[in-house]
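Taken together, the values in this text are just the output of simple stated rules run on the coordinates, not laboratory data. No experiment lies behind these values; they were computed from the predicted model shown. Counting neighbours? That spans all protein chains shown, and the Cβs are built from the backbone with ideal geometry, glycine included.
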Amino acid sequence: MTLPLALFFAVLLGFFSLEVLIHAHDHAGAVGGLFWTLVIVVWIAAGLLTSSLAKLKILNPTLQRIADLCAAAIFGLTLLFLWEAVTVGFAVPSVLMPPPSAIGAAIANSLPILQADFVQTIVKAVIPGWIMGCAAGFLTAIIADRVPFLRRGLIPIGNFVSALPIIGVAPIMVMWFGFDWHSKAAVVVIMTFFPMLVNTVAGLAAASHLERDLMRSYGASYLQSLFRLRLPAALPFIFNALKINSTLALVGAIVAEFFGTPIVGMGFRISTEVGRMSLDMVWAEIAVAALAGSLFYGLLAQVERFAAFWHPSYRAK
């Protein structure tokens, strides 16, 4: 533990010194050799620290989890500082790539706007559309599993609809459901329905014939076999679809807002600020969307770990 602790303080000191030099550069002009030397030293020290934390083997599962999270956090902070150093050191125009400090300032100065955009896009469009699309796909998969000709007919249609370009579907949904969040939720439903359908159908077929024969030998009905054998076996497939749809829903809602929306929403804000060449605000919206999508995905992963703890992939950990 001595080496990781020493590296941690070295990286912390390097980050602080680098930040001082970056702010000094804003007032003094060109950067010097000390700046780039410090960048390289911090990069190497952060890499060694991340590697040391990743190799730590701690018997306490909670402490091991904390060490893993620290390694990921340090890696992310290192990328942000390298981004800041490159954009400042090479004087990259903010129109091409604003530094993280400018993006952070835009977030801090635009919290009410970002909150309103978050509610309009995530709360009103993404979450309802994701729930309706996944629920409809799941129920349709159960029906298709019971009626074989539906299964043979729906899967090819699902592949066809999944190949439809969102930029073609979104304007149609806007014309059908209006400019408010309803049309964006409809786009999300279309994007999430068939991934859930395909994955659930595949998951229901995951139970082996030996296990099904055993259930039949016990005199189990279709519903008993479904709930006690086939749905538990399909859980990894279902959660895989839920996690895939969590990102598809966010992308679909944001892109759909490019084609018509009230004067609020992440997609509307991105398209508007790009036209005004305010790239720091665009990156602020991207950062909020990425954070929301990552948290949504992480929440689903934790629920999957709790619901499918019996699966071999979790028992081995």
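Within the listed set 156, 236, 195, the Gaussian network model of the chain (springs between alpha-carbon atoms below 10 Å) gives the highest mean-square fluctuation for 156. Extension gain for residue 216 to residue 301 (0.36 nm times residue separation, less C-alpha to C-alpha distance): 27.3 nm. The modelled label-to-label distance for the pair residue 96/residue 132, using points 7 Å beyond Cα in the direction of Cβ, is 4.4 nm.
For residue 114, what is the net charge nearby, where nearby means another residue's Cβ is under 14 Å from its Cβ and Lys, Arg count +1, Asp, Glu -1?
Details: positive: 269; negative: 117, 273, 280, 285.
Result for the neighbourhood of residue 114: -3.
Here the extension length gained between residue 115 and residue 161 equals 13.3 nm, from 0.36 nm per residue of separation less the Cα-Cα distance.
With r defined as the distance between the Cβ atoms of residue 65 and residue 310 and R0 fixed at 22 Å, what FRET efficiency is calculated, to the nearest 0.05? It would help to have the intermediate numbers written out before the result.
Details: r = 20 Å, r/R0 = 0.93.
With R0 = 22 Å, the Cβ-Cβ based efficiency is 0.60.
Rounded to the nearest 10 degrees, the inclination of helix 231-256 to the longest alpha-carbon principal axis of the chain is 50 degrees.
Can you give the extra length, in nm with one decimal, that the chain gains between residue 176 and residue 82 once fully stretched, where that is 0.36 nm per residue apart less the Cα-Cα distance?
Details: separation 94, 0.36 × 94 = 33.84 nm, distance 4.63 nm.
Using 0.36 nm per residue and subtracting the Cα-Cα distance, I get 29.2 nm.
Relative protection proxy for 159-168, 180-189, from highest mean packing down: 180-189, 159-168 (other beta-carbon atoms within 10 angstrom). The residues packed around residue 285, meaning those with a beta-carbon under 12 Å from its beta-carbon, carry a net charge of -3 if Lys and Arg are +1 and Asp and Glu are -1. In the chain, the longest principal axis of the Cα atoms and the axis of helix 279-307 are about 50 degrees apart. Peptides 117-125, 44-52, ordered by how many other C-beta atoms sit within 10 Å of their residues on average, highest first, read 117-125, 44-52.
Determine the shape class of the chain: with a ≥ b ≥ c the square roots of the Cα gyration tensor eigenvalues, call it rounded for a/c under 1.5, and otherwise prolate if a/b is greater than b/c, oblate otherwise. Oblate shape, in that a/c is at least 1.5 and b/c is the bigger or equal ratio.
By counting other Cβ atoms within 10 Å of each Cβ, how are 243, 57 ranked from fewest to most? Walk me through the numbers on the way to the answer.
Working: 243 18, 57 6.
Result, fewest neighbours first: 57, 243.
Computed about the Cα centre, the dipole magnitude for the chain is approximately 1380 debye when only Lys and Arg (+1) and Asp and Glu (-1) carry charge, each at its Cβ. Based on the alpha-carbon gyration tensor of the stretch 47-130 and its eigenvalue square roots a ≥ b ≥ c, which shape applies: rounded if a/c is under 1.5, prolate if not and a/b is larger than b/c, or oblate? Here the stretch 47-130 falls in the oblate category.
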